Amino acid sequence: MAARTPAPEHVRLSIDGVELSVPRGTMILEAARSVGTLVPHYCYHPGLSSPAQCRLCLVELEGAPKLVPSCVTEVQEGQVVHTASEPALRMREGVLEFYLANHPLDCPICDQSGECKLQDYVFAEGRARGRSREPKRVFGRDDFGGDVLFYGDRCVMCTRCVRFMDEVAGDPRLTVVERGNRSVIDTFFDEGLDGSPYSGNIIDICPVGALVSKDFLHRVRAWDLEHTPSICASCSQGCNIEIHTRDNAVHRLRPRENMEVNGFWMCDYGRGRYGWMNRVDRIEEPVWAPGAEAAVRGWEEVTALLGSRLRGAARSGEPAAAVASPYASNEELAALHALLAGLGGGEILFRSPEAEREIPLPGFPKLVRRRDLTPNRTGAERLGMRRVGSSAGEGGLEELAGHRGTLIVLGDELGDVAGDFGAQASLYVYLGWHPPDGGALADAILPIATSAETEGSFTNHEGRVQHFRAALEAPGSARPASRVLGTLIAALDGNGVDMSGPPEAGAAAGADGGAGAPSARER
């Protein structure tokens, strides 16, 4: 029997009059955070080393001869800490005044405005007016490569970006050059950040507007964005992310903290692949016999016709087959599986593109940009679906070209199949997000919502089932595929009940659980 890991020893202390117990080795700053007290800081980040150089997190410790940096001072039994005492507040006011001595007051045009820690700290504890009369230093703007622009005038020299590239990305392309008030972040020679697969994270962790995204630059104000927890759909890692939206459009993706999956980070590949959420060439209305002149439209008519045809197919015992997309959720895949079971069973094929190689994050080995570039391949395989085609996600559907029974396609746009795909099928149903390249002969084309427009779950490469929420409204009459398929299952049974999908859908495609919700913390 394996030995049990002993519980960490705890120590008791007091922070601003609040008694608490935390594991030994915890820093005072994190202990204060655990009881809702945020000690202002710049250079400290929980995923990086702590140089204690910004001098903004100094707190008063009873018995200590001077203020101590809370980011590198461990808790001790019986400590009494004051984060908002008169000496601590006076010190922070002075430090913030020095930061503003050279910082441009360009908040109205800065992309970080609304998310800037200098704004927040000065508003809460800074001087009402500055006293510096000297001209501010001017560094200007520099293109670091990749998606990163650097505004040297705004930099507070916290060095988070330098430490991330060195310690976490294992790609030390940034450094501090010059000394004193001439210090500035720079790249090594002309190398820049081009080709660095995780460099976008330095934009997230910059506490001011020194590092900004070219893609997001001047696009929308941060305070106008709605934040929705979700799961990255760009590979099978299943990074926890936030989708930032305004006016029913996605403007950027940001990582969410989940130490079991992606820590505080995400790769640039996933960060930049959100264009599919904003595509306007969507299927918006259900259509029966789209090639006919008098096409029947509307969910009620189409589902009634489909229900009748599906019941006839089930009675005749004709074979059924399906093509699924690993971009569909567990609930949608399970509903498709249940529908085929109601038709007497049949094989479900799926295609999944792969990258040439995996790209790990050296400083956080759990995070890897996986070869499998789809979010739910594991969920599809656990439901007994079979992967076909090449590593590019093409081919493999030739065996269904002459299928003579019921054929259902969920999500796959069929861009590489022949124009007569499905011509032999007695009933061909296409459920998709965008007009299908190979679905011209479908008897019914049904619009469904993307994973950004509905709730559901994906099963990542390690079998962890993680849930996501709807960030956008689906266009037109598009509905979640689990609801559409549930309606067809009900129609097949003859009871006509509209249902959102089998209740066991999530469990069917994953065994290990583990929701994707992170702990909330300020970074």
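The values are calculated or read from the model by the stated rules, or taken from the named source; none is laboratory data. Not measured: the values here are computed from a predicted model. Cβ coordinates were reconstructed from backbone atoms using ideal geometry, including for glycine residues, and neighbour counts include every protein chain displayed. Quick note on the areas: whole protein, heavy atoms, side chains included, nothing else; ligands and nucleic acids left out. Shrake-Rupley method; radii C 1.70, N 1.55, O 1.52, S 1.80 Å.
Within the range 355-370, which residues are open to solvent by less than 50 Å² (accessible area, probe 1.4 Å) and not in a loop (DSSP other than H, G, I, E, B)? Those that are open to solvent by less than 50 Å² (accessible area, probe 1.4 Å) and not in a loop (DSSP other than H, G, I, E, B): ILE359, VAL368, ARG369. Here LEU61 fulfils each of the conditions (1) aliphatic (A, V, I, L, M); (2) more than 15 Å from VAL156 (Cβ to Cβ); (3) in contact (Cβ under 8 Å) with a residue 40 or more places away in the chain apart from (3). Applying the condition of being over 19 Å from ARG256 (Cβ atoms) and not in a loop (DSSP other than H, G, I, E, B) to the range 197-216 and asking which residue is nearest to the chain's Cα centre (by Cα) yields VAL212.
For ARG219, work out the one condition from (1) in a strand (DSSP E or B); (2) open to solvent by 20 Å² or more (accessible area, probe 1.4 Å) it doesn't fulfil. Looking at each condition in turn, ARG219 falls short on (1).
Could you tell me whether any residue of the range 185-192 is closer than 29 Å to LEU58 by Cα, in contact with a strand residue (DSSP E or B) (Cβ under 9 Å, 6 or more places away or on another chain) and either open to solvent by less than 30 Å² (accessible area, probe 1.4 Å) or not in a loop (DSSP other than H, G, I, E, B) (or both)? So far as the range 185-192 goes, yes, one or more of its residues are closer than 29 Å to LEU58 by Cα, in contact with a strand residue (DSSP E or B) (Cβ under 9 Å, 6 or more places away or on another chain) and either open to solvent by less than 30 Å² (accessible area, probe 1.4 Å) or not in a loop (DSSP other than H, G, I, E, B) (or both).
Considered as a group, the residues in the range 371-410 that are at pLDDT below 95 and under 19 Å from ALA341 (Cβ atoms) include one that is surrounded by the fewest Cβ atoms within 10 Å (Cβ to Cβ), and that residue is GLY405.
Return yes when PHE150 is outside any strand (DSSP E or B), in contact with a Phe, Trp or Tyr (Cβ under 9 Å, 6 or more places away or on another chain) and at negative phi and no when it is not. Walk me through how you get there before you give the answer.
Details: outside any strand (DSSP E or B): no; in contact with a Phe, Trp or Tyr (Cβ under 9 Å, 6 or more places away or on another chain): yes; at negative phi: yes.
In short, no.
Here the condition is being at pLDDT below 95 and closer than 17 Å to GLY439 by Cβ; of VAL302, VAL323, it holds for VAL302 alone.
Within the range 177-196, the residues that satisfy the criterion of being over 23 Å from the mean Cα position of the chain (by Cα) and closer than 16 Å to ARG141 by Cα are VAL177, ARG182, SER183, VAL184, ILE185, ASP186, THR187, ASP190, GLY192.
Every residue, every condition in (1) in a loop (DSSP other than H, G, I, E, B); (2) in contact with a Cys (Cβ under 9 Å, 6 or more places away or on another chain); (3) closer than 19 Å to LEU485 by Cα, yes or no:
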position: ARG404; (1), (2), (3): yes, no, no
position: ILE408; (1), (2), (3): no, no, yes
position: LEU414; (1), (2), (3): yes, no, no
position: GLN424; (1), (2), (3): yes, no, no
position: TYR428; (1), (2), (3): no, no, yes
position: PRO436; (1), (2), (3): yes, no, yes
position: ILE445; (1), (2), (3): no, no, yes
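Of the strands (runs of 3 or more DSSP E) contained entirely in the range 231-334, those carrying at least 2 residues that are surrounded by fewer than 23 Cβ atoms within 10 Å (Cβ to Cβ) fall at 240-246, 249-255.
Restricting the first member to the range 264-293 and to residues that are at positive phi, and the second to residues that are at pLDDT below 95 and not aromatic (Phe, Trp, Tyr), the beta-carbon pairs closer than 8 Å and six or more apart or on different chains are ALA289/ALA295; ALA289/VAL296; ALA289/ASP443; ALA289/ALA444. The sole residue among GLU74, GLU97 that is open to solvent by 70 Å² or more (accessible area, probe 1.4 Å) and of a type in the set (Asp, Glu) is GLU74. Just wondering, is there one or more residues in the range 152-170 that are open to solvent by 40 Å² or more (accessible area, probe 1.4 Å) and touching an Asp or Glu at 6+ places or on another chain (Cβ under 8 Å)? No, the range 152-170 has no match at all.
Please find, within the range 335-345, the residue that is farthest from GLN237 (Cα to Cα) out of those that are among the small types (Gly, Ala, Ser) and part of a helix (DSSP H, G or I).
Quick first cut of the range 335-345, residues among the small types (Gly, Ala, Ser) only: 335, 338, 341-342, 344-345.
Keeping just the survivors that are part of a helix (DSSP H, G or I) gives 335, 338, 341-342.
Values: ALA335: 24, ALA338: 27, ALA341: 30, GLY342: 33 Å.
Ranking the candidates gives GLY342 first.
I need the full set of residues from the range 335-345 which are touching a residue at least 60 places away in the same chain (Cβ under 8 Å) and open to solvent by 20 Å² or more (accessible area, probe 1.4 Å), in order please. Show your work before the answer.
Kept after step one, since they are touching a residue at least 60 places away in the same chain (Cβ under 8 Å), are these residues of the range 335-345: 335-340, 342-343.
HIS337, ALA338, GLY342 - these are the residues of the range 335-345 that are touching a residue at least 60 places away in the same chain (Cβ under 8 Å) and open to solvent by 20 Å² or more (accessible area, probe 1.4 Å).
Condition check for GLU125 on (1) under 27 Å from the mean Cα position of the chain (by Cα); (2) over 21 Å from LEU211 (Cβ atoms); (3) charged (D, E, K, R): one failure, at (1). Right, ARG137: modelled with pLDDT of 95 or more and not aliphatic (A, V, I, L, M) or not? No; evaluated as a whole, the condition is false for this residue. Which of the residues that make up the range 435-468 are open to solvent by 10 Å² or more (accessible area, probe 1.4 Å) and either among the hydroxyl-bearing types (Ser, Thr, Tyr) or more than 15 Å from the chain's Cα centre (by Cα) (or both)? Within the range 435-468, PRO435, PRO436, ASP437, ALA440, LEU441, ASP443, ILE445, SER451, THR454, HIS461, GLU462, ARG464 qualify. All conditions but one from (1) more than 18 Å from ASP16 (Cβ to Cβ); (2) in contact with a helix residue (DSSP H, G or I) (Cβ under 6 Å, 6 or more places away or on another chain); (3) open to solvent by 40 Å² or more (accessible area, probe 1.4 Å) apply to LEU48; the one that does not is (3).
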